[in-house]
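Visitor: My questions all concern the structure below.
The values are calculated or read from the model by the stated rules, or taken from the named source; none is laboratory data. Since we're looking at a predicted model, the values are computed, not measured. All Cβ positions, even for glycine, are placed from backbone atoms using ideal geometry, and neighbour counts span all protein chains on display.
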């Protein structure tokens, strides 16, 4: 058990934790915009940390390069998807939840 | 017994959910969705037959001895693409049906067919 | 109870829950999105069952193309399902119970899951596919060598089905004649600036990735079918964001009509060429008599390119047909 392995294990566990919190948020949050935020956490923090953890475990540079490329595309695409969803909801007139409102 | 066959039974359960949608629902798009559920379950069944315990993907590398069987993979890989092509044909038919009947419900379409036939019979005019 | 079994069962549980949710849902847009989720989870299961090529295809087809097609049809028709009457439910349930029971009973005769001594495993052809292929053509990915060479005729048949399906959709939905009037744009996705910029930036990378998948299919997961679908999804993304007109400036319908049969003709022509060179149909050894393995590799590359060409163009033109239908009404 080297330091790298421990570090990668911690990163993977943290990533898994963020994925779970994202899922919980998707169920528990009160409105569309906050739910997008929860999903965003799954994508960026969860997947990002898992990819970092995997990166520490690779022995071949080709695999590492592929993981880096995947990370780059996740960084580009997932905020775009979240942003476009939120903007589309805004245009459609989906109301924003305020403290005290009912869940929808 | 249960421990060694559970995957087959789970795929059959998924297959039956798909089949239920195809038979019971009247909406044509929903029927196609059910058909693709059924199809995916069949794919899973095939692939599970090719799996070997302790095997890896059938890409030959040094130091690996056990591989899962590649033949089901080949069959299913092509079947997936053929599946989406046939789904496209089904959907095209659905669009044409909707354009001429104004409905996607099987019952309503049949109803209109029957009432059309009745009117032509009564008038004695072929449509 | 190993971790493998546990992961397997939990993925199946997610699949079952998704499938049940799809049956209960009357809003078809939501059902379509859940179908995409179903495909994605199936893809994970395929990886678990060692079928990486299949997982790749399922992810690209199930999440990309078929979702877009379903959504396109929903926008052309009605997205709300009528309530399923009770009289339809009972017979369906009976049929399903009977069929499922029969299948479950028959499954007892199947070899245990993961067994290494099934009839398929013990057949001499397994030896050929897995080990003889290394001398015959030297391609590590046996799925590719079986697909394009050992069972090349089978794949040709599948490609003919894809071609026929594409032609059928064109015949059903047009456009067989080019309409010259301006097409009304109700899709305003290009107004979303971030989406527009990002998809413009991503487009070349998607096409590059498709080429990588096509030419890397000998060594890892990938091949003509996956590459074709990814290629098509690149154009589908462009068409969704910028509208049908813009994407047809890049890839006119006329070009597609030439390219769709071209892939199939390339595949068949290769078969005829091998016959003329003195071998049997699709026997690539004859392409390079001095070095049969190199001939095999050349043949497989050509066949994969042909598959990719036809699949990509069929999928793209099917998408054009559906969106064009919406714009012309």
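Visitor: So which residues in segment A:5-48 are assigned to a loop (DSSP other than H, G, I, E, B) and surrounded by fewer than 16 Cβ atoms within 10 Å (Cβ to Cβ)?
Guide: So in segment A:5-48, the residues assigned to a loop (DSSP other than H, G, I, E, B) come out as A:29-31.
Selection gives A:30 alone.
Visitor: Which residues, taken from segment B:1-17, are buried (at least 22 other Cβ atoms within 10 Å of the Cβ) and more than 7 Å from chain C (Cβ to nearest Cβ)?
Guide: Result: B:11, B:15.
Visitor: Can you pull out the residues in segment B:19-42 that are assigned to a helix (DSSP H, G or I) and facing chain C (nearest Cβ under 7 Å)?
Guide: Within segment B:19-42, B:19, B:20, B:21, B:23, B:24, B:29, B:30, B:33, B:36, B:37, B:40 meet the criteria.
Visitor: Is there a residue in segment B:67-81 that is surrounded by fewer than 20 Cβ atoms within 10 Å (Cβ to Cβ), within 19 Å of residue C:221 (Cα to Cα) and in contact with a strand residue (DSSP E or B) (Cβ under 9 Å, 6 or more places away or on another chain)?
Guide: No; the residues of segment B:67-81 include none that is surrounded by fewer than 20 Cβ atoms within 10 Å (Cβ to Cβ), within 19 Å of residue C:221 (Cα to Cα) and in contact with a strand residue (DSSP E or B) (Cβ under 9 Å, 6 or more places away or on another chain).
Visitor: Among the residues of segment C:30-48, is any surrounded by fewer than 14 Cβ atoms within 10 Å (Cβ to Cβ) and either at the interface with chain B (Cβ under 7 Å from one of its Cβ atoms) or at pLDDT 90 or above (or both)?
Guide: So far as segment C:30-48 goes, yes, one or more of its residues are surrounded by fewer than 14 Cβ atoms within 10 Å (Cβ to Cβ) and either at the interface with chain B (Cβ under 7 Å from one of its Cβ atoms) or at pLDDT 90 or above (or both).
Visitor: On to the next question. Those residues that are outside any helix (DSSP H, G or I) and touching a helix residue (DSSP H, G or I) at 6+ places or on another chain (Cβ under 7 Å), I need them from segment C:43-70; list them, please.
Guide: Looking only at segment C:43-70, we keep the residues that are outside any helix (DSSP H, G or I), and these are C:49-51.
Correct list: C:49, C:51.
Visitor: Restricting attention to segment A:58-76, and to residues there that are modelled with pLDDT of 90 or more and either surrounded by 17 or more Cβ atoms within 10 Å (Cβ to Cβ) or away from chain C (no Cβ under 13 Å) (or both), which single residue is nearest to the chain's Cα centre (by Cα)?
Guide: Filtering segment A:58-76 for residues that are modelled with pLDDT of 90 or more and either surrounded by 17 or more Cβ atoms within 10 Å (Cβ to Cβ) or away from chain C (no Cβ under 13 Å) (or both), the one nearest to the chain's Cα centre (by Cα) comes out as A:71.
Visitor: Here's a follow-up. For residue C:15, state whether it is in contact with a helix residue (DSSP H, G or I) (Cβ under 6 Å, 6 or more places away or on another chain) and either in a loop (DSSP other than H, G, I, E, B) or closer than 21 Å to residue B:102 by Cβ (or both).
Guide: In short, no.
Visitor: Would you point out the residue of segment C:5-28, among those that are surrounded by fewer than 16 Cβ atoms within 10 Å (Cβ to Cβ) and in contact with a strand residue (DSSP E or B) (Cβ under 9 Å, 6 or more places away or on another chain), that is nearest to the other protein chains (Cβ to nearest Cβ)?
Guide: Filtering segment C:5-28 for residues that are surrounded by fewer than 16 Cβ atoms within 10 Å (Cβ to Cβ) and in contact with a strand residue (DSSP E or B) (Cβ under 9 Å, 6 or more places away or on another chain), the one nearest to the other protein chains (Cβ to nearest Cβ) comes out as C:26.
Visitor: Kindly provide the set of residues from segment C:76-115 that are more than 8 Å from chain B (Cβ to nearest Cβ) and in contact with a helix residue (DSSP H, G or I) (Cβ under 6 Å, 6 or more places away or on another chain), ordered by number.
Guide: Selection gives C:79 alone.
Visitor: Can I ask one more? Look at segment B:83-98 and say how many of its residues are under 15 Å from the mean Cα position of the chain (by Cα) and more than 7 Å from every other protein chain (Cβ to nearest Cβ).
Guide: Qualifying residue count for the region: 2.
Visitor: Scan segment B:63-82 residue by residue and report those that are within 7 Å of chain C (Cβ to nearest Cβ) and not in a loop (DSSP other than H, G, I, E, B).
Guide: B:67, B:70, B:71, B:73, B:74, B:76, B:77, B:78, B:80, B:81, B:82
Visitor: Additional query: What tally of residues in segment C:209-226 results from selecting those that are more than 8 Å from residue C:53 (Cβ to Cβ) and buried (at least 24 other Cβ atoms within 10 Å of the Cβ)?
Guide: Adding up the residues that qualify gives 5.
Visitor: Among the listed residues B:55, B:26, identify the single one that is in contact with a strand residue (DSSP E or B) (Cβ under 6 Å, 6 or more places away or on another chain), farther than 25 Å from residue C:34 by Cα and either at pLDDT 90 or above or surrounded by fewer than 21 Cβ atoms within 10 Å (Cβ to Cβ) (or both). Show your work before the answer.
Guide: On the way: B:26 fails: farther than 25 Å from residue C:34 by Cα.
The match here is B:55.
Visitor: Tally the residues that are at the interface with another protein chain (Cβ under 7 Å from one of its Cβ atoms) and within 19 Å of residue C:19 (Cβ to Cβ), restricting the search to segment B:44-62.
Guide: 3
Visitor: Can you spot a residue in segment C:291-313 that is more than 14 Å from residue C:264 (Cβ to Cβ), free of Cβ contacts under 8 Å to residues at least 12 places away in the same chain and outside any helix (DSSP H, G or I)?
Guide: Yes, because at least one residue in segment C:291-313 is more than 14 Å from residue C:264 (Cβ to Cβ), free of Cβ contacts under 8 Å to residues at least 12 places away in the same chain and outside any helix (DSSP H, G or I).
Visitor: Test of understanding: among C:279, C:239, which residue is buried (at least 20 other Cβ atoms within 10 Å of the Cβ) and either at negative phi or at pLDDT below 90 (or both)? Step through it out loud before you land on a result.
Guide: On the way: C:279 fails: buried (at least 20 other Cβ atoms within 10 Å of the Cβ).
Being buried (at least 20 other Cβ atoms within 10 Å of the Cβ) and either at negative phi or at pLDDT below 90 (or both) holds for just one of C:279, C:239, which is C:239.
Visitor: For segment B:101-114, check the following and say yes or no: at least one residue is within 30 Å of residue C:99 (Cα to Cα), facing chain C (nearest Cβ under 10 Å) and not in a helix (DSSP H, G or I).
Guide: yes
Visitor: Does residue C:291 satisfy the criteria of being surrounded by fewer than 24 Cβ atoms within 10 Å (Cβ to Cβ) and at pLDDT below 85?
Guide: Judged against the criteria, residue C:291 is not a match.
Visitor: Considering only segment C:117-145, state which residues are without any contact (Cβ under 8 Å) to a residue 24 or more places away in the chain and facing chain B (nearest Cβ under 7 Å). Working first, answer last.
Guide: Applying the first criterion (without any contact (Cβ under 8 Å) to a residue 24 or more places away in the chain) to segment C:117-145 yields C:117-134, C:142.
Hits for segment C:117-145 are C:120, C:121, C:126, C:129, C:130, C:134, C:142.
Visitor: Which of the residues that make up segment C:30-42 are touching a helix residue (DSSP H, G or I) at 6+ places or on another chain (Cβ under 6 Å) and farther than 22 Å from residue B:8 by Cβ?
Guide: C:31, C:32, C:34, C:35, C:36, C:37, C:40
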